[in-house]
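The values are calculated or read from the model by the stated rules, or taken from the named source; none is laboratory data. This is a predicted model, so every value here is computed, not measured. Cβ atoms come from the backbone with ideal geometry, glycine included; neighbour counts cover every protein chain shown.
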Amino acid sequence: MKETECSLLEQPWTSSIKRAHCLRINALDFSDLWDEEDLDQDLADDDSSHSESSPVQNPGHSLIPPTPPPAPPLAPPLLSGTSPVPLESGRRTLRLHWRELLSLQPLPRVSRFGPQSIWAGLEPVRLDTNRLEYLFKTKSNSSKVLSSLTSGKQKQPCVSVLGVKRSNIITIALSSLPPPHLLPPAIYSMDSSVLDREDVQRLQSLVPSEEELNLIKQAKAQASPCLLAPAEHCLHILGNIKHLSSRLQLWAFALDYDALEREIAEPLFHLKLAMEQLAANQTFRCILATVLAIGNFLNGCKARGFELSYLGKLSQVRDTHSRQPLLHHVCVLLLQLYPQSSDLYSDITAVTRASKCDYSQVQSNLDQLESHCKASWEQLRLLEKDGEKKKGGGGGGGGEERGTGNEGSLRQRLPHFLKECGERLKVLRAVHRRVINRFHSFLLYLGYSRSMVRETSADAFCKTVSDFALEYRAARHGILQQREREQEREKEREKDEERGRDPSTPKSKAKALQSSSQQDHEEQSKLEEVLKTPTSSSRFDFSLPRRRSKTPNTRGSLPPRLKW
């Protein structure tokens with residue numbers, strides 16, 4: 001090994017890592033994460049001690065990034081004098097059992113989403129309070145309805161000393177592995193053309209213990225003319241490879257690092273995009289403003305906002321008149337007040353992807369990846385010391401260590417590969433810390449208190465929003481389809497009126513009346529023809545049937561009956 005590699009191995013793991021200047025993991029770009037988001041200082045303070053004047057200090061960064069400008073409104077602003085008024089005495093409507101945000105928490109001085117919360121920038125919504133009162137007026141049995149809605153082959157003698165279960169496991173693994181005599185050179189050189197990732201995983205389960213090796217050696221010494229069974233023969237060959245477990249773990253880490261890194265980086269990237277999509281989506285803002293206005297009117301209060309988990313319950317609350325869910329009325333109002341609004345679900349695809357990730361597992365995977373990287377440095381240092389001893393002793397193992405071709409270069413590139421992994425882990429750790437801190441800041445932007453932020457997980461929040469968006473899209477689609485059917489019926493009526501027909505008479509009935517009149521005309525013409533034909537002559541027709549008479553006809557031309 002070169003001198004630079006030897007000096008690299010002697011350095012501690014943390015000292016060989018340099019701070020990355022660009023937060024980029026393969027094709028995923030996290031460069032928009034600010035350095036100020038490294039510290040989650042706002043959540044560490046108590047709710048009472050936090051104030052807007054508390055500065056967020058970050059050494060080395062004196063300038064605070066400018067806050068993004070607010071997005072243009074989706075529809076022209078409504079009248080400001082439309083705040084909900086408490087209901088008159090004696091009138092009662094259904095109440096929304098949401099979690100009110102009576103006072104909005106001050107945002108951090110450095111926030112990606114602006115200086116104020118999303119509720120402060122919402123436009124007032126003008127509601128038809130009389131219709132809402134009519135639709136959601138309480139009845140005697142409404143409480144019961146609401147309570148019901150809320151309420152996992154050996155041909156020759158062989159020596160066998162292993163248990164049946166262990167022997168079967170080894171035999172099954174050998175059916176997918178190369179012949180045992182080809183395993184040592186492939187393991188020494190880490191030849192991926194001979195052993196792939198699944199083979200390395202199988203070999204990790206076959207690493208023999210000291211007890212098993214001792215039993216095999218004793219059995220072989222006592223019965224030298226007999227052959228070892230396949231399982232015992234495989235363990236005997238693997239037992240002759242020094243530091244087998246370390247070699248396999250180091251090889252598996254080199255093969256798995258890209259996939260493990262991707263399993264951590266992709267969920268973080270989905271969460272970052274999810275926050276950006278929700279913060280910039282105007283339909284989402286309109287929905288929050290509409291639900292807030294309806295809830296304040298029904299509850300007779302002036303809440304500043306509500307926890308977004310209540311969005312999942314809009315389909316469960318129904319009005320007392322038409323039994324339509326509250327989500328249906330929200331969709332109708334949005335289509336009326338904001339005709340340019342979207343179905344929301346198509347605009348927040350990253351939220352749906354983030355809802356399928358387990359971010360507690362992401363944290364655990366990151367910790368395990370760092371521990372594996374540290375252990376790989378120790379394993380590599382152990383192998384290099386063993387290789388130096390073999391070279392000094394002039395044994396034959398050195399040739400196996402060097403390997404051949406590109407696979408031998410993989411073994412030689414391990415020091416630089418582990419150094420690169422350490423640098424990438426530094427970037428990955430910074431990305432994870434900043435994305436999670438940005439998510440906490442995003443919850444504060446949505447009006448959550450700091451105690452609620454600590455209790456809210458990213459995947460649970462994204463799942464709530466994604467499920468609501470899916471329900472909203474279905475309800476909106478149903479309303480639009482109903483309107484299209486009504487427009488088609490209206491067009492049919494207009495066409496019938498232009499043709500001079502009764503719009504209430506269907507086309508099939510008109511055709512039936514026309515065909516019946518034609519049949520009546522044909523029968524009338526036939527009857528007239530029969531009446532116009534002249535009468536027939538008095539000439540007797542012998543072809544007609546005759547009625548017999550008992551009295552003889554003596555007046556006829558036939559002779560009388562003879563008596564015998």
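For every residue, the table says whether it meets (1) among the polar types (S, T, N, Q); (2) exposed (fewer than 13 other Cβ atoms within 10 Å of the Cβ).
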site	(1), (2)
195	no, no
201	yes, no
210	no, yes
221	no, yes
228	no, no
231	no, no
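Here's the yes/no breakdown for (1) in a loop (DSSP other than H, G, I, E, B); (2) surrounded by 12 or more Cβ atoms within 10 Å (Cβ to Cβ); (3) at pLDDT below 85:
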{"site": "462", "(1), (2), (3)": "no, yes, no"}
{"site": "471", "(1), (2), (3)": "no, yes, no"}
{"site": "501", "(1), (2), (3)": "yes, yes, yes"}
{"site": "508", "(1), (2), (3)": "no, no, yes"}
{"site": "527", "(1), (2), (3)": "no, no, yes"}
{"site": "531", "(1), (2), (3)": "no, no, yes"}
{"site": "536", "(1), (2), (3)": "yes, no, yes"}
Quiz item: Does residue 276 satisfy being touching a strand residue (DSSP E or B) at 6+ places or on another chain (Cβ under 7 Å), surrounded by fewer than 23 Cβ atoms within 10 Å (Cβ to Cβ) and assigned to a helix (DSSP H, G or I)?
Solution: no
Exercise. Check residue 254 against each of (1) within 25 Å of the chain's Cα centre (by Cα); (2) more than 26 Å from residue 313 (Cβ to Cβ) and name the one condition it does not meet.
Key: (1)
Quiz item: Can you tell me which of 384, 401, 370, 378 is at pLDDT below 90, out of contact with any helix residue (DSSP H, G or I) (no Cβ under 7 Å at 6 or more places or on another chain) and of a type in the set (Asp, Glu)?
Solution: 378
Quiz item: When only residues in region 337-375 that are in a helix (DSSP H, G or I) and of a type in the set (Gly, Ala, Ser) count, which is farthest from the chain's Cα centre (by Cα)?
Solution: 375
Practice problem: Kindly indicate whether residue 193 is at pLDDT 80 or above and either touching a Ser or Thr at 6+ places or on another chain (Cβ under 8 Å) or part of a loop (DSSP other than H, G, I, E, B) (or both). | Solution: no
Practice problem: For region 212-223, state whether one or more residues are in contact with a strand residue (DSSP E or B) (Cβ under 9 Å, 6 or more places away or on another chain), within 30 Å of residue 25 (Cα to Cα) and in a helix (DSSP H, G or I). | Solution: no
Self-check item: Which numbered condition residue 271 misses (of (1) among the aliphatic types (A, V, I, L, M); (2) surrounded by fewer than 23 Cβ atoms within 10 Å (Cβ to Cβ); (3) under 38 Å from the mean Cα position of the chain (by Cα))
Solution: (2)
Quiz item: Out of region 156-176, which residues are assigned to a loop (DSSP other than H, G, I, E, B) and exposed (fewer than 15 other Cβ atoms within 10 Å of the Cβ)?
Solution: 156, 157, 163, 175, 176
Quiz item: Any idea which of 300, 305 is of a type outside the set (A, V, I, L, M) and surrounded by fewer than 18 Cβ atoms within 10 Å (Cβ to Cβ)?
Solution: 300
